[in-house]
1. Give the average over all directions of the projected area of the C-alpha convex hull of region B:73-184, one decimal, in nm².
2. If you take every DSSP beta bridge whose two residues both sit in the protein assembly as shown, what share of them, in percent to the nearest 5, is antiparallel?
3. Just how large is the dipole of chain B about the Cα centre, in debye to the nearest 20, putting +1 at every Lys and Arg Cβ and -1 at every Asp and Glu Cβ?
4. Which value results when the Cα radius of gyration for region A:61-115 is divided by 2.2 N^0.38 Å?
5. What is the extension gain from B:Lys109 to B:Ala156, computed as 0.36 nm multiplied by their sequence separation minus the C-alpha to C-alpha distance, in nm to one decimal?
6. So what are the radius of gyration and Dmax for the Cα set of the protein assembly as shown, in Å?
7. Taking the Cα centre of the protein assembly as shown as the origin, how large is its charge dipole in debye, to the nearest 20, when only Lys and Arg (+1) and Asp and Glu (-1) carry charge on their Cβ atoms?
8. Would you calculate the separation in nanometres between label points at A:Ala195 and A:His159, each defined as 7 Å from the Cα along the Cα-to-beta-carbon direction?
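The values are calculated or read from the model by the stated rules, or taken from the named source; none is laboratory data. Just so you know, these numbers come straight off a predicted model, no measurement behind them. Glycine gets a Cβ as well: all are built from the backbone with ideal geometry, and neighbour counts include every protein chain shown. Surface areas here come from the heavy atoms of the whole protein model, side chains and all, with no ligands, DNA or RNA. Shrake-Rupley method; radii C 1.70, N 1.55, O 1.52, S 1.80 Å.
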Amino acid sequence: MRSMILLNGSPRREKTSFRFSQAIQKQAEACGVETEIYHIIDAFESSLRMDEVIGKIEEADYLGLVTPLYVDYLPYPVLWFMEECIKREIRVKSGAKFFAIAQCGFPDVRLLDPIMGACEIFAKKMKREWVGGIGYGGGAILDGIPMEELGKRGELITHAFSMMVEDLVNDQKIREDVQVEMTVRIPRILYRPLAFYLNHRSKQIARKNGVHDLWTQPYID
Amino acid sequence: MRAVILDGHSGKNHLEEILLEELHNQNWKVESFFLPDMQILPCRSCGSCGTKTPGTCILKDEMEPIFHALANCDVMIFFTPIQFGGYSASLKKAVDRLMTMGLPLYRVKGDHLLHPTRYGNKRLMGLGTYQHCDGEEVVNFNLLVERNALNMISPAYSHRVFCPKLETHTIRTMIQEMVEEVTS
């Protein structure tokens, strides 16, 4: 039986990246691929956990990274994990594959390009076949809600992941249609109303927290 | 100009000596932080710095002097070995915490939704060190610096990659060009 390890790259264990991982896991298991999810932050915090994850990765046919965008790139714990993998010269199963899902709050998935570039390079260094990456923009609105509770949006994402898993088990690169299915199309003309809504939400949350001045500068001389 | 160097190399780098000399020749005031030695916790994206304790991170570690330096500088300098076509983990541990320097709001600029900055828009220099001066890792690194400059709403930015085959006079010329690009 083939196996898959999904690495949740978010330091927050139960948010959007984890929900994406769960959705992929469901699809993979439906295709007969034994799938486990590990949080990179757990490996970062515990060397025992790191050893366990490495052992699993060495036996896995498929390795997937599911990560948020932090300041235009991979989060620090993910980079640390990647550097550790290379340092430890971990073994790779013959024919092993690597893919990535990256998500961000911004609508434009092209902002995820530096992450995809890094993941492809990492795959080469790990001697795993790079089978592609998928970006999701507008992830902040999902806010860690399970796919089943997201209605039409959840169905589209789930369908995209089922297409992706189908490609993986058929030993193919992830087809472009998956990205098309995942892409949230927000017309440029809606950016201002979207910004207005998001800003209103932030100010509401701040007021609930007793904060009235979002613009403070505690470090200015 | 006041500049802050965030150095993500694992050991002291001869290139940094040249960089400091060139910046001092331009009468820049420079503060440098060697990050591998600094105890900096990973950002948890908790959102506190946005809507609970605006501008202040709830993680108390050695980022405090870095926040202070960056808030008051004109130029941020990311100085890093290129890993997987981007910043080293040591540099990224500090860069992730710069979310504190942005506002939890959005503004539309061109085709993008961006976070306004809390302390004004800083210029950005990205200096990468790598075994080659070209190739896919260099291309990805340059793209990353450009994206950071876009999202930090930098009025000017510059990126260069330095490889071992470069002679000292070439390195100096490249740094002078970078200074020219961020101050024009």
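1. In nm², the orientation-averaged hull projection of region B:73-184 is 7.5.
2. 10
3. In debye, rounded to 20, chain B gives about 800.
4. 1.28
5. 15.4 nm
6. 21.2, 65
7. Magnitude of the dipole: close to 1200 debye.
8. According to this spin-label approximation, the distance is 3.2 nm.
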